Structure formats: structure tokens, C-alpha cells
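Scroll down for the structure; my scribbles are underneath it.
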Amino acid sequence: TDMETKEQLNDLRQQIDDLDERIVSLFVERMAVSKKAAALKTRNNLAITDPAREQQIADRSASLAGETLKGEATLLMRTVMALSRGYQRKLLFGGEAPLLPPARKAAPENIAGAFQGVPGAWSEEALAKMFPEASRQPEEGFEDVFLAVKEGRVDYGVVPIENSKTGAIGETYDLLRKYGCFIVGQIWVDIRHCLMAPEGVSISDIREVLSHPEGFKQCRDFLRGRAWDLTSCRNTALAAQMAARAGNGRTAAIGSRRAAQLHGLTILEADIMDAATNRTSFVAIALAPEYDDRSNVVSVTFSTAHRSGALCETLLPFMAQGINLMRIESRPAALGNYRFFVDMEGNIADAHLSAALRQAASACEYFEVIGCYRNG
């Protein structure tokens, strides 16, 4: 009967509660021993992490659990060891280091911003939306934008990081790590591509189309079956500029309406992108973080040991603390090793998120918070 089932379930739940009390008690006891190990390591100048020892513990746990639960037992012990490492680090280094440097105040006036391309580029539009009063400095490549920020020639740089159709823009992730810049803002821009050409050129005249590779990817359906040479440029605004200067009566470009207006081109076909909701996310970068109580996104980068389960160990604390991960990307760091980038909902001041970050960092070989900022 329903009553009997309920009584049986309550009995099982009581058994689980009793076991949980024993597990927590043993966990507290284990961490006390871990504290003694930290003191011993301090006296003898020993490293916190011992990969061989951790592997031995994981293998032994799997063996004790048996074939059916060896995977779960390994994950459990890997998680316990990650918590232990974090606890030992806190004890050894005299408290918890800040997750981010202190936030700087946003530049109040005379703001200078850098973008990749020439006037009419989508990056310029994003810069204008994020910093309407800023002077806009064009740079040749994405790396030049980062250099302008790093060298203090501008207050902010604005670069694309993800497209809703084609995904992550890997170069931006690589440069974030290379130059040690912080993300201080993010915005989505609707990307509405147009086919444009000098006045008098019709679609039947076209033999070559210029655009950024991402522009071609985002307009595949429109381009399919057309016998045009597709020539890649550094950005769509430069493609418009080059088409305007071609003077051969057969060159067109794919880019924005503003690029067409700036370079005196005629729009032959509007809204040629595959998806009507085609959007690109742009981030603002700076030399120091800028965050306050309105910030709602935290971005981190990290690398893990090259072994089974290492990534799962790093992400598990976020699940445990109820943190929503919005995006995860991987980039090759070296042969067989990868660097990960993760965006999550929340604010660095939130106790649950802060705890998850510290626990995740304990499971990594390298871990860094690269921004706490507002999305939108």
C-alpha cells in the first residue's frame, strides 16, 4: 500500500541520514589529519600536491568499491583530495588570497577605445554601444587591440569572442591569456550582413566577393551554388573599403549597412546571413578588473592534469554550489594539454560562487579569474 511504501522510504532515508552523519564525521577527521600534513610539509618545505600518492589513493578506492562503483568511488576520493589540497593551501599561505585584484574605477571622461578593423567594422559598432562617448581607435588585428590596451594607449579594447551561429572565436581566448587582460564588459550585437558593390555593379556582374572568414561562414546558404571567388579580409569593413577601390566592375563585399554607407557602396541584397538571429558577443578588455554589485558574470581560465576525470573534478564544485555555467571552451596549450575558459552566472562577492572557485582552483594545475563584469 501507499502507506507501507512511505514507511519503507522513510526508513531508508533515516539510514541514509545516519550514514551521512558518519561520512561527515569522517570527513572532518580526515581534514584534521590533512592539517597535520600541511604543518609537516611546511617544516620540511614539501609540495602540497603529490600526483603519485593521489593516484595510489584513487586506485585503492576503486578497488575497495568493487567493479560496479569504482568510477563513483574514484570521483568521490578525487573530490575529497581536491578539498584537502585547498584546505592545505589556505593553511600554508596564511589565509585566502583574493580571487581578483581590487576593482578599479571606470574611466570617467576622455575615454579611448580600440577596435580591430576600419570604420564600419562590427567591432566599432560594439565599441560605440559599450562606450558611446569614447574616441575610437582602429587597429589592424586583434593582437594590436590587446597591445594598445597593454601599452596604455587606450583605456579599453573591444573584440569579438563568440558568434551565435559559428561559435567561439579562438584567437580572442588565446590573446586574453597571452596579455593578461581582464574582461570588464560584454555585449551582443545583431550581425545583419549585406551584399554590397560599387554603384552600377549588378549581381550578374560579380566574380569576386570579399569578407572576413566569419562573414562567409555566417552566409553559407546565400553563397552556396554561386560561382564567385571568396577572398578573405581582416574584417568586413576592410572588405567594403577594398571593394570600393577595386574599380573593376566585378568585385563585391559582405558587411554591414554602415560599411556600405561609409564607402559609397550600393546594397544589392540585405540580410543574407543564414540565421535571422545572427549575433556576435563582444567583450571589453582592460588592464585591471572593473566590477561592482551589478556584475552578473564571472569568467575563469584554467588547466588541469592530463588524466581521466581531471576536468570533472574542477567542474564538480560549481554543481555542488548551484552555480550555472553558461559556456565552456577549450584551447590547445601544448601537445596533449588544453586550457579551458568558463563563463558562469554570478558575482565574485557571492559566498557560494567564491567557495566554488576556490575549490575548483584546488583541483587545477593553473587557475585564474579573468573577469567579473556585467553582460549587456
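The values are calculated or read from the model by the stated rules, or taken from the named source; none is laboratory data. These numbers were taken from a predicted model, which means no experiment stands behind them. Note that each Cβ is placed from the backbone with ideal geometry, even for glycine, and that neighbours are counted across all protein chains shown. Surface areas here come from the heavy atoms of the whole protein model, side chains and all, with no ligands, DNA or RNA. Shrake-Rupley method; radii C 1.70, N 1.55, O 1.52, S 1.80 Å.
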What residue, of Phe142, Phe146, is closer than 20 Å to Gln241 by Cα, open to solvent by less than 40 Å² (accessible area, probe 1.4 Å) and among the aromatic types (Phe, Trp, Tyr)? Phe142
Just for region 5-22: of the residues that are among the acidic types (Asp, Glu) and open to solvent by less than 100 Å² (accessible area, probe 1.4 Å), which one is farthest from Leu83 (Cα to Cα)? Asp11
Search result, residues across region 319-331 that are touching a strand residue (DSSP E or B) at 6+ places or on another chain (Cβ under 6 Å), at pLDDT below 90 and either surrounded by fewer than 15 Cβ atoms within 10 Å (Cβ to Cβ) or within 17 Å of Leu353 (Cα to Cα) (or both): none
Quick one: in region 277-318, which of the residues that are under 23 Å from Glu124 (Cβ atoms) and not in a strand (DSSP E or B) is least open to solvent (accessible area, probe 1.4 Å)? Asn278
Filter region 201-235 down to the residues that are in a helix (DSSP H, G or I), over 13 Å from Ile272 (Cα atoms) and either of a type outside the set (Gly, Ala, Ser) or under 26 Å from the mean Cα position of the chain (by Cα) (or both) and list them by number. Ile203, Asp205, Pro213, Glu214
Residue pairs, Cβ under 7 Å, 6 or more apart or interchain, first in region 130-158 and within 15 Å of Ile183 (Cβ to Cβ), second assigned to a helix (DSSP H, G or I) and open to solvent by 40 Å² or more (accessible area, probe 1.4 Å). List them. Phe142/Glu171; Val158/Met130
Number of positions in region 340-365 that are under 17 Å from the mean Cα position of the chain (by Cα) and open to solvent by 60 Å² or more (accessible area, probe 1.4 Å): 1
Checking the structure you have, find out if any residue of region 23-38 is farther than 20 Å from Tyr87 by Cβ, surrounded by 10 or more Cβ atoms within 10 Å (Cβ to Cβ) and either in contact with a His (Cβ under 6 Å, 6 or more places away or on another chain) or of a type outside the set (S, T, N, Q) (or both). no
Among Thr68, Thr42, which is the only one that is loosely packed, with under 10 Cβ neighbours inside 10 Å and not hydrophobic (A, V, I, L, M, F, W, C)? Thr68
Given the conditions (1) closer than 28 Å to Arg250 by Cβ; (2) of a type in the set (S, T, N, Q); (3) modelled with pLDDT under 95; (4) open to solvent by less than 10 Å² (accessible area, probe 1.4 Å), every one holds for Ser211 apart from (3)
Pairs, please: C-beta under 7 Å, at least 6 apart or cross-chain, first residue among the hydroxyl-bearing types (Ser, Thr, Tyr) and in region 281-295, second open to solvent by 10 Å² or more (accessible area, probe 1.4 Å) and in a loop (DSSP other than H, G, I, E, B)? Tyr291/Ala103; Tyr291/Ile348; Ser295/Asn347; Ser295/Arg374
Quick check: is even one residue across region 233-251 farther than 30 Å from Ala112 by Cβ and modelled with pLDDT of 95 or more? yes
